[in-house]
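Accompanying notes for the structure given below.
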Amino acid sequence: MIRSELLQSLAADNPDLRPEEIEQVVDIFFEEISARLAEGGRVELRGFGTFSTRQREGRTGRNPRTGEAVDVPPKRVPYFKPGKEMRERLNPEG
Amino acid sequence: MDSMRSVGTLTRADLAETINRKMGFPRSESLDLVEAILAKMCDAMADGENVKISGFGSFVLRDKKERIGRNPKTGVEVPITPRRVMTFRASQKLKDRIAKAS
């Protein structure tokens, strides 16, 4: 499923809304999650999962082509943990 | 884990609140839309589909083979059944945004 398919599916279920409105709602949804992660916060969507960020230590990497050592600075990276309900739905008989 | 500032946790209610404020939709309808977005993504993945949202990231399903685990308390070996797991790969745009902000 890609973004446009999500929009179509939501539009089919919400004939009272204009397609542009659906698109704005979906944009707000992902923008708010992204913004909160960029602020260093977490996003908890019970059943679906939790988004957070983690700190990666800096390290000395190597340019794979030249073998030259390069400094990789410490940085913050996004992290997602699926919720219990989601995990169970993916493994119905488990 | 760690967080660089004390920023609160964003929830469904907060997302609905922003939709209510920016779109002028009633609160209950805004919350229904938040649930609908999550339900659509869950349904697609329960059907075995990956979900790709451009600019945000992809939810990718991975099938794990059976492996032997250990009860950390008793040390007893137990088989971990084969299972399907969902992973998130953030888009380069989201990764850059988070890395730049820190």
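Taken together, the values in this text are just the output of simple stated rules run on the coordinates, not laboratory data. Remember, it's a predicted structure, so these values are computed and weren't measured experimentally. Positions of Cβ are generated from backbone atoms using ideal geometry, with glycine treated the same way; all protein chains shown enter the neighbour counts.
Of B:45, B:86, B:23, the residue with the greatest mean-square motion in the GNM of chain B, using alpha carbon springs below 10 Å, is B:23.
The largest-to-smallest principal axis extents of the Cα set in the protein assembly as shown are 55, 43, 35 Å. Sequence-distant contacts, meaning Cα pairs under 8 Å at least 6 residues apart, place the relative contact order of chain A at 21 percent. Which residue fluctuates most in the GNM of chain B (Cα springs below 10 Å): B:19, B:53, B:80? Of B:19, B:53, B:80, the most mobile in the Gaussian network model is B:80.
Could you work out the relative contact order of the range A:42-94, using alpha carbon pairs under 8 angstrom and six or more residues apart, expressed as a whole percent? Intermediate results must be reported in sequence, preceding the final value.
Working: 80 pairs, mean separation 21.1, N = 53.
It comes to 40 percent, rounded to a whole number.
Structure shown: which of B:65/B:95; A:81/B:52; A:84/B:73 lie over 25 Å apart, alpha-carbon to alpha-carbon? Exceeds cut-off: B:65/B:95.
Shape verdict for the range A:42-94, please, from the Cα gyration tensor: rounded (a/c under 1.5), prolate (a/b greater than b/c) or oblate. Intermediate values should be presented prior to the final figure.
On the way: a/c = 6.26, a/b = 2.37, b/c = 2.64.
Oblate, since a/c reaches 1.5 and b/c is not below a/b.
Here the gap between residue B:77 and residue B:101, fully extended at 0.36 nm per residue and compared with their Cα-Cα distance, gives a gain of 4.3 nm. Here the dipole of the protein assembly as shown is about 1280 debye; that uses its Cα centre as origin and unit charges on the Cβ of Lys and Arg (positive) and Asp and Glu (negative). For chain A, excluding the exposed loop sites themselves (trypsin sites (Lys or Arg not before Pro), DSSP loop, at most 15 other Cβ atoms within 10 Å), the longest remaining stretch covers A:1-45. Computed over chain A, the Cα gyration tensor eigenvalues convert (square root of 5λ each) into semi-axes of 35, 19, 15 Å, ordered from largest to smallest. Evaluating 6.51 cos²θ - 1.76 cosθ + 1.60 at θ = phi - 60° for every residue in the range A:76-90, the Karplus couplings come out as 9, 10, x, 9, 9, 10, x, x, 4, 4, 4, 4, 5, 5, 6 Hz, glycine and proline recorded as x.
Build a GNM of chain A with springs between Cα atoms under 10 Å: which of A:37, A:45, A:17 gets the top mean-square fluctuation? With Cα springs under 10 Å in chain A, the top fluctuation among A:37, A:45, A:17 is at A:17. Averaged over peptide B:67-80, the number of partner chain Cβ atoms lying within 10 Å of each residue's Cβ comes to 0. Within the protein assembly as shown, antiparallel bridges make up roughly 90 percent of the DSSP beta bridges whose residues both belong there.
Helical runs assigned H by DSSP (4 residues or longer) give chain A a calculated mean residue ellipticity at 222 nm of -12500 deg cm²/dmol, each run adding -39500 (n - 2.57) before division by the residue total.
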